[in-house]
Amino acid sequence: MKPFALDRRTLLRAAGASIALPTLEAMLTGSAGLIRTARGAEKPPLRIVTFFIPCGVVPATYFPTAEGTGWATPESLKPLETAGVKDDVNLLNGLRNNESGIGNNHARGTVMFANGMPSLKTGAGGPTLEWVVAQRRNEAGMVLSVCPVKARGNAAASSSSLHCTTISWKAASVPFPAVRDVGQLFNQLFGRFTPPAAPGAGPDPAAQARTMRDLSVLDFVRDQIAGLNMRLGASDRQRLDQHLTELRNLEVRIKEVQTVSANCTKPSAPPASMTTPDELTSPTTPARTDVMSELVVKALQCDIVRYVAFQLENGQSFADLPWLGLTTSGSFAGQHQFAHQSVGSASDLPGAIARYTKIVSYEIERFAHLLQRMKNAREGAQNVLDNSVVYLGSEHGTGNHGTSPMPVILAGKAGGRLATGRHIKFPAGTPINNMHLSILHLAGLPDATFANDSTGVLTQLLSA
């Protein structure tokens, strides 16, 4: 009997709804799925994720003392240990971002985070890392950029507000805007409804049908799920059930952090005198961030996207963090102020260091949640994290605009090409573009240079 085989990009469709599937064993055999080799099924594709945190870190509470493996976990990185992903990361110490171009320190640093080229008045000086790889692989339609908070940039020193609110650039001065709303993200990735676009338009049957589908999108493909289950093996049925359960749970969690109206219409624009809630300080920000991470992981697992730029906060963040008990005042306050205080501008320096370490630990906790979900997303004998390279960094190394050492973490095993669990200390001032170049090599692109100052790959990183 001929074994049942599924195409890797199979979707369940009904009544306009569509559900992507995780990697199943039925996709790893036969001509309908991934290409077979003499050694078995071809490995899933390599994913590249960039993850931005603002304003730098406190090096003393971020970098371990010992090099190599088995390092004691510093305070800022404890969430990696708690989430069970410490052994899935490499800490890269000693890298320098040779920040240059138009804009203040934060504007330049944010634009150059995954780019490495001097910033222009109109934005980045060239494509960012994920776009370099995606375009070379003819996968430009599989790039996603997300940020869980509102855009708030500082158009200072001849830069635009895009400098601090955009980390993904398709080309020089061509931004790739982030999706900032979890409902919109679910829509974009998994086919949720969109409200009518006409200002002031009342409910119409088509809009109400889309709303009903949004509220229970999985119900529309129930018959397809039942039919598919009859043809799948036991392990695939279990994996599919877990996948659909997670999607249902995500629908519920999204409704907890965002009100969805059953009669969705586009309202008239509010008068200028009205103020809207500032999501930068919303107590739902941590939950909204984690939901966004989970949607990203499902999209990676379903092969809807392969490249993700995840901006946790805007560069030069002015956000308070009330869920951590930390608030400030003033136009340049928030995390930006706490960062500067942590390097000597506060009268109580030990207290300032402790406060900023708390902020960095929160950011690493959100990063660890993403990695944990990637690790739990199975792909045969491996998982999504095993088949990814995830780069965490910032626009600065420290709160006083220091550019070395940059707080770089590389997570994931790049499909078995990268050993993890290490703290690697490079010679001080090693260009961060050497790390970007190394990622290109991990992606199978053996370029000689990246941006304008790379001097070669990080052999200590790639040799193990």
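The values are calculated or read from the model by the stated rules, or taken from the named source; none is laboratory data. Small disclaimer: the values here were computed from a predicted structure and weren't measured. No Cβ is skipped: glycine too gets one built from the backbone with ideal geometry, and neighbour counts run over all protein chains shown.
From R378, R355, which residue is surrounded by fewer than 24 Cβ atoms within 10 Å (Cβ to Cβ), among the basic types (K, R) and more than 23 Å from the chain's Cα centre (by Cα)? It would help to see each step written out before you state the result.
Details: R378 fails: more than 23 Å from the chain's Cα centre (by Cα).
Residue meeting the stated conditions: R355.
Would you mind telling me which numbered condition in (1) among the small types (G, A, S); (2) at pLDDT 70 or above; (3) exposed (fewer than 14 other Cβ atoms within 10 Å of the Cβ) G202 fails?
Result: G202 passes all but (2).
Evaluate the following for G116: is it within 21 Å of I432 (Cβ to Cβ), assigned to a strand (DSSP E or B), of a type in the set (G, A, S) and touching a residue at least 24 places away in the same chain (Cβ under 8 Å)?
Answer is no for this residue.
Does G412 satisfy being under 30 Å from Q242 (Cα atoms) and either surrounded by fewer than 20 Cβ atoms within 10 Å (Cβ to Cβ) or in contact with a strand residue (DSSP E or B) (Cβ under 6 Å, 6 or more places away or on another chain) (or both)?
On the way: under 30 Å from Q242 (Cα atoms): yes; either surrounded by fewer than 20 Cβ atoms within 10 Å (Cβ to Cβ) or in contact with a strand residue (DSSP E or B) (Cβ under 6 Å, 6 or more places away or on another chain) (or both): yes.
In short, yes.
List the strands (runs of 3 or more DSSP E) that sit entirely inside the range 1-70 and contain at least 2 residues that are at pLDDT 75 or above and either within 27 Å of the chain's Cα centre (by Cα) or more than 25 Å from I439 (Cβ to Cβ) (or both).
Numbers: elements: 11-14, 17-20, 47-52.
Passing ranges, in order: 47-52.
Suppose we keep only residues that are of a type in the set (A, V, I, L, M) and within 9 Å of the chain's Cα centre (by Cα) within the range 298-319. Which one would you say is surrounded by the most Cβ atoms within 10 Å (Cβ to Cβ)?
Kept after step one, since they are of a type in the set (A, V, I, L, M), are these residues of the range 298-319: 299-300, 304-305, 308-309, 312, 319.
This time we only want the ones that are within 9 Å of the chain's Cα centre (by Cα), so: 308-309, 312.
Numbers: V308: 25, A309: 27, L312: 25.
Here the residue is A309.
Go through L295, L280 for me and flag whichever is farther than 30 Å from L12 by Cα, outside any strand (DSSP E or B) and at pLDDT below 90. Even if it seems obvious, please write down each step before you answer.
Details: L295 fails: farther than 30 Å from L12 by Cα.
Of the residues listed, the single one that is farther than 30 Å from L12 by Cα, outside any strand (DSSP E or B) and at pLDDT below 90 is L280.
So which of Q316, Q335, Q341 ends up being touching a helix residue (DSSP H, G or I) at 6+ places or on another chain (Cβ under 8 Å) and on the phi > 0 side of the Ramachandran plot?
On the way: Q335 fails: on the phi > 0 side of the Ramachandran plot; Q341 fails: on the phi > 0 side of the Ramachandran plot.
One residue alone meets the criteria, Q316.
Given the criteria touching a strand residue (DSSP E or B) at 6+ places or on another chain (Cβ under 9 Å), modelled with pLDDT of 90 or more, over 26 Å from Q188 (Cα atoms) and not in a loop (DSSP other than H, G, I, E, B), does L80 qualify? Quick ask: steps written out before the conclusion?
On the way: touching a strand residue (DSSP E or B) at 6+ places or on another chain (Cβ under 9 Å): yes; modelled with pLDDT of 90 or more: yes; over 26 Å from Q188 (Cα atoms): yes; not in a loop (DSSP other than H, G, I, E, B): yes.
Yes; evaluated as a whole, the condition is true for this residue.
When you go through (1) under 30 Å from S361 (Cβ atoms); (2) surrounded by 23 or more Cβ atoms within 10 Å (Cβ to Cβ); (3) among the hydrophobic types (A, V, I, L, M, F, W, C) one by one for V133, which number turns out not to apply?
Checking V133 against (1) under 30 Å from S361 (Cβ atoms); (2) surrounded by 23 or more Cβ atoms within 10 Å (Cβ to Cβ); (3) among the hydrophobic types (A, V, I, L, M, F, W, C), the one that fails is (1).
Of everything in the range 439-464 that's part of a helix (DSSP H, G or I) and surrounded by 14 or more Cβ atoms within 10 Å (Cβ to Cβ), which residue is nearest to the chain's Cα centre (by Cα)? Write out each step before concluding.
Step one: list which residues in the range 439-464 are part of a helix (DSSP H, G or I), which gives 439-442, 459-462.
Filter once more, keeping what is surrounded by 14 or more Cβ atoms within 10 Å (Cβ to Cβ): 439-442, 460-462.
Numbers: I439: 16, L440: 18, H441: 21, L442: 19, Q460: 26, L461: 22, L462: 23 Å.
If we take residues in the range 439-464 being part of a helix (DSSP H, G or I) and surrounded by 14 or more Cβ atoms within 10 Å (Cβ to Cβ), then I439 is nearest to the chain's Cα centre (by Cα).
Out of everything in the range 420-463 that is small (G, A, S) and touching a helix residue (DSSP H, G or I) at 6+ places or on another chain (Cβ under 7 Å), what residue ends up being modelled with the lowest pLDDT?
Taking the range 420-463 first, the residues small (G, A, S) are 421, 428-429, 438, 443-444, 448, 451, 454, 456, 463.
From what is left, the residues that are touching a helix residue (DSSP H, G or I) at 6+ places or on another chain (Cβ under 7 Å) are 421, 438, 443, 451, 454, 456.
On the way: G421: 97, S438: 97, A443: 96, A451: 91, S454: 95, G456: 97.
Here the residue is A451.
Out of the residues in the range 87-111 that are of a type in the set (A, V, I, L, M) and at pLDDT below 95, state the one that is nearest to I409 (Cα to Cα).
In the first step, residues of the range 87-111 are kept if they are of a type in the set (A, V, I, L, M); the result is 89, 91-92, 95, 102, 107, 111.
Okay, now just the ones that are also at pLDDT below 95, so 102, 107, 111.
On the way: I102: 27, A107: 21, V111: 18 Å.
For the range 87-111, the residue satisfying everything is V111.
What residue, among those in the range 60-118 that are buried (at least 19 other Cβ atoms within 10 Å of the Cβ) and acidic (D, E), is nearest to H423 (Cα to Cα)?
So the residue we want is D88.
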